[in-house]
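Written below as structure tokens is the structure these notes are about.
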Amino acid sequence: MKTVSAQQQIPIVVLKEGTSETKGNQAQRNNITAAKTIAEIVRTSLGPRGMDKMLVDTLGDVTITNDGATILKEIDVQHPAAKMMVEISKATDNEVGDGTTSTVVLAGSLLEKAEELVTKNVHPTVVVEGFKKASQKAIETLKEIATKIDPADKTFLNKISRTSMASKMVSADSKELSDMVVDAVLAVAEKSGDQHKVDVDNIKVEKKAGGSIRDTKFIHGIVLDKEVVHAGMPKRIENAKIAVINSALEIEKTEFDAKININSPNQMQQFIDEENRMLKALVDKIVSSGANVVLCQKGIDDIAQHYLAKAGVMAVRRIKESDMYKLSRATGARIVNNLDELAASDLGFAKVVEERKVETDKWVFVEECKNPRSVSILVRGGSQRVVDEAERSVHDAIMAVKDVVEYPYVLVGGGAPEGLASLKLREWAATLSGRAQLAAEKFADAIETIPIVLAENAGMDPLDTQVQLRSKSTATGKARFGIDVMIGKVADLATKDIYEPLAVKEQVINAATEAACMILRIDDIIAASKSKDMPKPGGPGGGMGDMDM
């Protein structure tokens, strides 16, 4: 008879009830599949022939875009490995602003190639080490073949901007838009030593549906989505002297409760007269400084408005703090917190300040500033969806030009550098020994995915394209031959002026490799159960009571 000790009878519970655990190969396969699914979603939107996605959120709002970061930000991703893919696209968008789709496609491809090795019992750590070495080698190769340019060369910056817009909906108008983008970036660029710094927050991109994309305007100054406060004020002032004020043109209320006992109508009148006198004194200070435009972050009292209108001063109130900072940089005005300190030297200058009708709204344009350190681009388009996508395209182009101004190295686009890098990586992999060689070769295959996806999206045969690209890269040894999607052939893209920033390519390879390596190293997924007794938002009978937690 078999005796069972008391110790053996007690089941040991380590994890909380309802917790699920997936181990080993199964966990890796799940993660890789989830990440590859995300890459598949954005794969078809890569390149000038890429398609757009229509995203509808829970409220029914529609977004139409082919910007990788926007697509992934709008879809509600549940799987943790898939969320990591969304994070790398966000990080790439914040860091360099372009190349978000390429990052996700490359990460998906790296995981696909790694899966082949892991299935053949190559340890994931070996694959990770091989990938990391290969990514360093790939970036070294790209740096060797990159071309250094003059960061103030408008012609070349235009090529960068137009290449960025080529894959967007605004590609037909890229010539006019890229001129504006380059002018805007160079206007706010600041030189320190040999380096240039560009703070893209100083470029205000304002959008308004109506007209067409061709009606987009570049403004040497700032557009305010506010109107002039009083109907009696002038709607246009030339050679404007601008006071930018951070304090309210109102009688301040006391911080404690105060009562005033008024016994006769005369006292009441005196009280009102005194208030008026105080407001008039505030307005007089502004007028005596020589200002004829007042831009105020806080409120302006009705009486103060009346006196300003009488003095022929244009005023705008309740301006956003971020816009106040931009106005100060654009006009050269000092933001004044105390009206007693306002002097003629604090005023800014703009050739024209005018209220104009944009669609159904009235906006104030502060234009033709002398040497603006902050500028605006007013994006127009046929409908709200078009304007939204045009704004995203302009943002990507601004970021691409900024990358080149700050780090002035460029590569030919259209998958040409990836074609040559994959060739060099294969040569280098042959010098390695052991299983790391397999990982390096797979990395070379993965990098080649970018030109192949470009070709697929243009309706070309991927296999023929791969053969042509390899033979051209081998024959010339230069990164000039890439996928010309317009004619559907492998062609010399340097003659077509298709260039991309080296900064973007480096970020794409680094981010994709790091994400792929992180996902590969996971061999155990422990997921806690969702709590059943959590109070639902809105409580019993609350508006959101049936929301799925």
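The values are calculated or read from the model by the stated rules, or taken from the named source; none is laboratory data. Keep in mind the model is a prediction, meaning the values are calculated, not measured. Here the Cβ positions follow ideal geometry from the backbone for every residue, glycine too, while neighbour counts run over all protein chains shown.
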Residues satisfying the stated conditions in the stretch 243-257, i.e. hydrophobic (A, V, I, L, M, F, W, C) and surrounded by fewer than 12 Cβ atoms within 10 Å (Cβ to Cβ): PHE256
Search result, residues across the stretch 480-514 that are part of a loop (DSSP other than H, G, I, E, B) and either of a type in the set (Lys, Arg) or outside the structural domain of PRO48 (by TED's automatic domain parsing) (or both): ARG480, LYS496
Residue count, the stretch 405-462 (criterion: out of contact with any Ser or Thr (no Cβ under 6 Å at 6 or more places or on another chain), of a type in the set (D, E, K, R) and part of a helix (DSSP H, G or I)): 8
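Here is a yes/no grid of residues against (1) aliphatic (A, V, I, L, M); (2) farther than 19 Å from LYS226 by Cβ; (3) out of contact with any Cys (no Cβ under 7 Å at 6 or more places or on another chain):
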| residue | (1), (2), (3) |
| --- | --- |
| SER345 | no, yes, yes |
| VAL352 | yes, no, yes |
| GLU359 | no, no, yes |
| LYS362 | no, no, yes |
| VAL366 | yes, no, yes |
| ARG373 | no, yes, yes |
| ILE377 | yes, no, yes |
| GLN384 | no, yes, yes |
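Here's the yes/no breakdown for (1) at pLDDT 85 or above; (2) small (Gly, Ala, Ser); (3) surrounded by 15 or more Cβ atoms within 10 Å (Cβ to Cβ):
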residue	(1), (2), (3)
ARG214	yes, no, no
ALA231	yes, yes, no
LYS241	yes, no, yes
LYS259	no, no, no
LEU279	no, no, yes
Selected residue (criterion: farthest from THR70 (Cα to Cα)) from residues of the stretch 150-191 that are small (Gly, Ala, Ser) and at pLDDT 80 or above: ALA152
The stretch 370-385: number of residues that are of a type in the set (A, V, I, L, M, F, W, C), under 9 Å from ILE219 (Cβ atoms) and buried (at least 23 other Cβ atoms within 10 Å of the Cβ): 2
Among the residues listed as LYS424, LYS402, the single one being touching a Gly at 6+ places or on another chain (Cβ under 8 Å), buried (at least 18 other Cβ atoms within 10 Å of the Cβ) and more than 23 Å from LYS226 (Cβ to Cβ): LYS402
